[in-house]
Amino acid sequence: MFKFRDMTIGKKVGLGFGVTTLILMGVVLLTIKQVKTMEIITKRVVELRTPTAHASLMMLNGMNHSLASLRGWIILGDPKFQMERSIAWKEQINPSLQQMHRLAPNWTDVENKSRLQSIEEEINNFKKVQQKIEDIAQTPENSPAQKILFAQAEPLEKSIVATVSKMIKQEMKGSKSSQNKLLVEILANIETTTSLTLERADEFLLSGKQEFKKESLENWKQNSAHMHVL
């Protein structure tokens with residue numbers, strides 16, 4: 001039976017060194033294993049996780065960029081916003097989506113791959129909707145009120161003003177009686193209030209300020225009163 005106390009000092013020392021060596025070897029092997037595990041994790045973070053996160057962030061920034069550009073086009077109608085939206089898709093959204101497709105085969109979570117397909121479908125719909133909005137934003141169909149103003153009200157206003165102007169000229173050629181002068185004055189008021197009514201309506205449509213709507217209605221009320229007198 002093995003008894004440590006019966007061993008010679010030399011054997012005890014040798015056994016001690018042997019045990020220490022085995023322990024050190026175990027520690028070294030465990031360290032090497034942990035280092036390899038750390039290398040795998042680091043490689044996954046550097047080559048997979050970080051690029052995926054970066055692509056996601058770039059896609060989000062691109063979508064915000066495209067929306068901001070679309071708003072600018074809708075409000076101001078400046079073609080530079082169309083160019084900005086195109087750049088957002090070309091340089092941010094599309095490259096980030098392509099990057100995700102390259103990284104997807106190495107993703108460990110299978111659900112993320114299905115999520116990517118769902119996201120791609122939503123992005124395609126998002127792009128189509130943006131294009132529809134851009135196409136219609138600066139057309140008359142996007143503003144029915146302005147379409148009516150320019151296509152119907154404005155031609156009528158020009159016709160009315162032209163007719164009243166002819167009437168004024170005809171009356172001014174006639175007698176200079178007080179009744180004739182009053183008639184010319186009324187016609188001139190009708191001509192003025194008709195023009196002002198449309199001008200204030202146009203300003204209301206462009207600015208949305210209620211004061212212009214109020215002035216337009218007041219001018220129309222005065223116009224109706226003059227017509228009644230006439």
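The values are calculated or read from the model by the stated rules, or taken from the named source; none is laboratory data. Here the structure is a predicted model, which is why all the values come from computation and not from measurement. A quick note on method: Cβ atoms are made from the backbone with ideal geometry, for glycine too, and the neighbour counts reach across all protein chains shown. Keep in mind that these areas ignore ligands, DNA and RNA; they rest on the heavy atoms of the full protein, side chains included. Shrake-Rupley method; radii C 1.70, N 1.55, O 1.52, S 1.80 Å.
Residues in the stretch 196-230 that are among the basic types (Lys, Arg) and part of a helix (DSSP H, G or I): Arg200, Lys213, Lys214, Lys221.
Between Leu48, Leu67, the distinction of being open to solvent by less than 80 Å² (accessible area, probe 1.4 Å) and modelled with pLDDT of 85 or more belongs to Leu67 only. Across the stretch 167-197, the qualifying residues are those that are under 57 Å from the mean Cα position of the chain (by Cα) and open to solvent by 40 Å² or more (accessible area, probe 1.4 Å), and the one among them that is nearest to Trp220 (Cα to Cα) is Leu196.
Okay, residues lined up against (1) modelled with pLDDT of 90 or more; (2) within 23 Å of Asn142 (Cα to Cα); (3) assigned to a helix (DSSP H, G or I); (4) not β-branched (Val, Ile, Thr):
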residue: Ile168; (1), (2), (3), (4): no, no, yes, no
residue: Met172; (1), (2), (3), (4): no, no, yes, yes
residue: Asn180; (1), (2), (3), (4): no, no, yes, yes
residue: Thr194; (1), (2), (3), (4): yes, no, yes, no
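Within the stretch 198-230, the set of residues being touching a residue at least 40 places away in the same chain (Cβ under 8 Å), more than 39 Å from the chain's Cα centre (by Cα) and open to solvent by less than 60 Å² (accessible area, probe 1.4 Å) comprises just one member, His226. Taking the criterion of being at pLDDT 90 or above, part of a helix (DSSP H, G or I), aliphatic (A, V, I, L, M) and open to solvent by 60 Å² or more (accessible area, probe 1.4 Å), would at least one residue in the stretch 54-63 satisfy it? The answer is yes, given that some residue of the stretch 54-63 is at pLDDT 90 or above, part of a helix (DSSP H, G or I), aliphatic (A, V, I, L, M) and open to solvent by 60 Å² or more (accessible area, probe 1.4 Å). Only one entry of Lys80, Lys90, Lys127, Lys33 meets the criterion of being within 13 Å of the chain's Cα centre (by Cα) and open to solvent by 80 Å² or more (accessible area, probe 1.4 Å), and that entry is Lys127.
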